[in-house]
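Visitor: Have a look at the structure that comes next, please.
The values are calculated or read from the model by the stated rules, or taken from the named source; none is laboratory data. Worth saying up front: this structure is predicted, and the values here are computed from it rather than measured. In this analysis, Cβ positions are derived from the backbone assuming ideal geometry, glycine residues included, and neighbour counts consider all displayed protein chains.
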Amino acid sequence: MNLYLDSLAKSIDALERSTKTASRLNAFDRDLQEVVRAGVIQNFEIAYEQSWKMMKRWLEDNVGATYVDGVTRRELFRLAAEHRLITDVDRWMEYHGARNQTSHTYNEETAQRVFEEANEFVHDAKQFLKVLEEHND
């Protein structure tokens, strides 16, 4: 069964565009810097959530729901790596940790860490989408 990848592609594109805008943060005043950073973090949340959910759907459709239902996030990422959807389980666990911290971004240090993870996530999310597009049959 083909997965509908449009929403995932759009969320990754929004994240990428927001990180590109954020690369010019020094040109903005402090208030605008905070707004742009918050936008990057929000786009990261959405792209990450859609990524792991699409990963789970692909595995359910192509490996079998019985192998996927009830597994931990690490196990889900391990299965995804076994099927060459992703390459680095530990890196995806770091993204998962960053996603779990997004509710604490009122803390300046936490917000900065999540912001940095979001910038790293763009590459891996785009690669994941590319693999899904190639194996979406």
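Visitor: Which pairs do you get when a residue that is in contact (Cβ under 8 Å) with a residue 60 or more places away in the chain and of a type in the set (Ser, Thr, Tyr), found in the range 101-127, comes within reach of a residue that is assigned to a helix (DSSP H, G or I) and buried (at least 16 other Cβ atoms within 10 Å of the Cβ), reach meaning Cβ atoms under 7 angstrom, with the pair 6+ apart or on two chains?
Guide: Listed by first residue and then by second, the contacts come to Thr102/Ile41; Thr102/Glu45; Thr102/Val114; Thr105/Ile41; Thr105/Ala111; Thr105/Val114.
Visitor: Which of the numbered conditions does Asn26 fail, given that it passes all the others? Conditions: (1) surrounded by 12 or more Cβ atoms within 10 Å (Cβ to Cβ); (2) modelled with pLDDT under 95; (3) not basic (Lys, Arg).
Guide: (1)
Visitor: Hey, does the range 1-11 have a residue that's modelled with pLDDT of 95 or more, surrounded by 19 or more Cβ atoms within 10 Å (Cβ to Cβ) and among the hydroxyl-bearing types (Ser, Thr, Tyr)?
Guide: yes
Visitor: Are there any pairs with C-beta distances below 7 angstrom linking a residue in the range 70-90 that is free of Cβ contacts under 8 Å to residues at least 24 places away in the same chain and under 13 Å from Lys56 (Cα atoms) to a residue that is of a type in the set (Ser, Thr, Tyr) and loosely packed, with under 15 Cβ neighbours inside 10 Å, with the two at least 6 apart or on different chains, and if so which?
Guide: If the second residue must be of a type in the set (Ser, Thr, Tyr) and loosely packed, with under 15 Cβ neighbours inside 10 Å, the pairs left are Leu79/Tyr67; Ala81/Thr87.
Visitor: Then there is this: Quick check, is Ala38 within 23 Å of Lys20 (Cα to Cα), over 10 Å from the mean Cα position of the chain (by Cα), among the hydrophobic types (A, V, I, L, M, F, W, C) and not in a loop (DSSP other than H, G, I, E, B)? Spell out how you get there, then give the answer.
Guide: On the way: within 23 Å of Lys20 (Cα to Cα): yes; over 10 Å from the mean Cα position of the chain (by Cα): yes; among the hydrophobic types (A, V, I, L, M, F, W, C): yes; not in a loop (DSSP other than H, G, I, E, B): yes.
Yes; evaluated as a whole, the condition is true for this residue.
Visitor: Restricting to the range 1-16, and then to whatever is free of Cβ contacts under 8 Å to residues at least 24 places away in the same chain and assigned to a helix (DSSP H, G or I), can you tell me which residue is nearest to Val122 (Cα to Cα)? I'd like the intermediate steps shown before the answer.
Guide: Here is the first cut: in the range 1-16, the ones free of Cβ contacts under 8 Å to residues at least 24 places away in the same chain are 4, 6, 10, 13.
After this cut, where a residue has to be assigned to a helix (DSSP H, G or I) as well, the list is 6, 10, 13.
Values: Asp6: 16, Lys10: 12, Asp13: 9 Å.
In this case the residue turns out to be Asp13.
Visitor: Can you tell me which residue within the range 43-69, out of those that are of a type in the set (S, T, N, Q) and free of Cβ contacts under 8 Å to residues at least 60 places away in the same chain, is farthest from Leu8 (Cα to Cα)? Spell out the reasoning first.
Guide: Applying the first criterion (of a type in the set (S, T, N, Q)) to the range 43-69 yields 43, 50-51, 62, 66.
Next, only the ones that are free of Cβ contacts under 8 Å to residues at least 60 places away in the same chain stay: 50, 66.
Details: Gln50: 6, Thr66: 24 Å.
Of everything passing the filter in the range 43-69, Thr66 is farthest from Leu8 (Cα to Cα).
Visitor: Go through (1) outside any loop (DSSP other than H, G, I, E, B); (2) within 21 Å of the chain's Cα centre (by Cα); (3) surrounded by fewer than 20 Cβ atoms within 10 Å (Cβ to Cβ); (4) not acidic (Asp, Glu) for Leu32 and report which single condition fails.
Guide: Among (1) outside any loop (DSSP other than H, G, I, E, B); (2) within 21 Å of the chain's Cα centre (by Cα); (3) surrounded by fewer than 20 Cβ atoms within 10 Å (Cβ to Cβ); (4) not acidic (Asp, Glu), the lone unmet condition for Leu32 is (2).
Visitor: Can you tell me which residues in the range 42-84 are of a type in the set (Phe, Trp, Tyr) and under 23 Å from Ser7 (Cβ atoms)? So that I can check it myself, show each step before the final result.
Guide: Initially, the range 42-84 is screened for residues of a type in the set (Phe, Trp, Tyr), giving 44, 48, 52, 58, 67, 77.
Correct list: Phe44, Tyr48, Trp52, Trp58, Phe77.
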